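**Q** My structure is below; once you've seen it, I'll send some questions.
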Amino acid sequence: MTDAPASFALVPGAAASPVILHVPHSSREIPAGVRSGIVLSDAELERELDRMTDSHTAEIAGRAAGLAGLTPWRFVNRVSRLVVDPERFPDEREEMAAVGMGAVYTRTSHREELRRADTDPGPLIERYFRPYARAMTEAVADRLAATGRAVIVDVHSYPAQPLPYELHGGGPRPPVCLGTDAFHTPPGLLAAAREAFAPCGETGLDSPFSGTYVPLDFYGTRSEVGALMVEIRRDTYMTKPGGPAGPGLSRLAGSLAALVDAVSG
């Protein structure tokens, strides 16, 4: 028996909604069996979770779902990205592997040891990564079957100052960064996001983070699957690092709901 299915949740939305709000990095949960493979002390691990967790993004998505006219679906990771990162490639295609941050991280945000370099990622990939990928693929396929299209909106956050692990941290860090894909982010989706998030401040494009998450079964082949990554700068809605949310959270949830409404019709 495996606990992998409990490591993520698909929260149903309206039958007619094509939108999936994807929240991959909001959890701080690390199962005991995984914790034993992490070399950090408890205090060091808490600091790393402060830095690497997209705190309160699940709440932003949840509030947005409640505000939207047509309730979107939500796919939420229930374990930390330090268990596995479901948005990384699990093989040599992943550029972040160069800094020890492939699907299974071996280095911290400060490029220090997180796991032993000779750690076999296989068991974590099989137990957590592959079930997650299958379930997300099925969720997108279900929206395609029900509505003829799917719109994946990735909900992330990032720190105001770059962390040492960032490969492209030298560019602009606007209040809201919109990550795009040349195939899966149509102009209308991007324009809707710029308008929806205008009340939250400047929206930038693909800096400091770029790209979108699309399950590989659809990537580059199914244009009916739209995708956009929303990266929110943490100081706009929370006390950082790892602190409580502030009034900015409600504004962001309203903007995310406006985006959902704009692309649901």
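The values are calculated or read from the model by the stated rules, or taken from the named source; none is laboratory data. Just so we're clear, the structure is a prediction, and the values are computed from it rather than from any experiment. We place every Cβ from the backbone using ideal geometry, glycine too, and count neighbours over all the protein chains shown. To get the accessible areas, we keep the full protein, side chains included, count just its heavy atoms, and leave off ligands, DNA and RNA. Shrake-Rupley method; radii C 1.70, N 1.55, O 1.52, S 1.80 Å.
**Q** Is it the case, given these coordinates, that Leu67 is farther than 14 Å from Pro24 by Cα and either of a type in the set (A, V, I, L, M, F, W, C) or in contact with a His (Cβ under 8 Å, 6 or more places away or on another chain) (or both)?
**A** Yes.
**Q** Go through (1) within 21 Å of Phe218 (Cα to Cα); (2) out of contact with any helix residue (DSSP H, G or I) (no Cβ under 6 Å at 6 or more places or on another chain); (3) without any contact (Cβ under 8 Å) to a residue 40 or more places away in the chain and name the single condition Pro121 misses.
**A** Evaluating Pro121 over (1) within 21 Å of Phe218 (Cα to Cα); (2) out of contact with any helix residue (DSSP H, G or I) (no Cβ under 6 Å at 6 or more places or on another chain); (3) without any contact (Cβ under 8 Å) to a residue 40 or more places away in the chain leaves (1) as the failure.
**Q** Scan segment 113-129 for residues that are among the aliphatic types (A, V, I, L, M), part of a helix (DSSP H, G or I) and open to solvent by 20 Å² or more (accessible area, probe 1.4 Å) and report the count.
**A** Counting residues in segment 113-129 that are among the aliphatic types (A, V, I, L, M), part of a helix (DSSP H, G or I) and open to solvent by 20 Å² or more (accessible area, probe 1.4 Å) gives 1.
**Q** Another question, if that's okay. Check Gly265 against each of (1) within 21 Å of Gly169 (Cα to Cα); (2) modelled with pLDDT under 95 and name the one condition it does not meet.
**A** Condition not satisfied by Gly265: (1).
**Q** Can I ask one more? Name the single residue, out of those in segment 134-157 being under 17 Å from the mean Cα position of the chain (by Cα) and surrounded by fewer than 18 Cβ atoms within 10 Å (Cβ to Cβ), that is farthest from Cys177 (Cα to Cα).
**A** Arg134
**Q** Checking Gly211 against (1) surrounded by 20 or more Cβ atoms within 10 Å (Cβ to Cβ); (2) on the phi > 0 side of the Ramachandran plot, only one condition comes out false. Which one?
**A** Only one criterion is unmet by Gly211, namely (1).
**Q** Please work out if Leu49 is among the hydrophobic types (A, V, I, L, M, F, W, C), farther than 24 Å from Asp142 by Cα and in contact with a Ser or Thr (Cβ under 8 Å, 6 or more places away or on another chain).
**A** Against the criterion (among the hydrophobic types (A, V, I, L, M, F, W, C), farther than 24 Å from Asp142 by Cα and in contact with a Ser or Thr (Cβ under 8 Å, 6 or more places away or on another chain)), Leu49 qualifies.
**Q** Does segment 239-259 contain any residue that is buried (at least 16 other Cβ atoms within 10 Å of the Cβ) and β-branched (Val, Ile, Thr)?
**A** Looking through segment 239-259, none of the residues is buried (at least 16 other Cβ atoms within 10 Å of the Cβ) and β-branched (Val, Ile, Thr).
**Q** If you check every pair at least six apart or on different chains, which have Cβ atoms under 6 Å apart with a residue in segment 62-88 that is modelled with pLDDT of 95 or more first and a residue that is open to solvent by 60 Å² or more (accessible area, probe 1.4 Å) and assigned to a helix (DSSP H, G or I) second?
**A** Partner pairs satisfying both residue conditions: Ala68/Asp261; Gly69/Asp261.
**Q** Ok, one more. Just checking: which of the helices (runs of 4 or more DSSP H) contained wholly in segment 1-107 hold 1 or more residues that are open to solvent by 60 Å² or more (accessible area, probe 1.4 Å) and of a type in the set (A, V, I, L, M, F, W, C)?
**A** 32-35, 57-67
**Q** Another question, then. Hey, does segment 104-111 have a residue that's among the aromatic types (Phe, Trp, Tyr) and either touching a Gly at 6+ places or on another chain (Cβ under 7 Å) or closer than 24 Å to Lys240 by Cα (or both)?
**A** Taking every residue of segment 104-111 in turn, at least one turns out to be among the aromatic types (Phe, Trp, Tyr) and either touching a Gly at 6+ places or on another chain (Cβ under 7 Å) or closer than 24 Å to Lys240 by Cα (or both).
**Q** Within segment 220-240, which residues are under 30 Å from Arg130 (Cβ atoms) and part of a strand (DSSP E or B)?
**A** Val225, Gly226, Ala227, Leu228, Met229, Val230, Glu231, Ile232
**Q** Right, next: Consider segment 109-165. How many of its residues are in contact with a His (Cβ under 6 Å, 6 or more places away or on another chain) and over 25 Å from Ala253 (Cα atoms)?
**A** Of the residues in segment 109-165, 1 are in contact with a His (Cβ under 6 Å, 6 or more places away or on another chain) and over 25 Å from Ala253 (Cα atoms).
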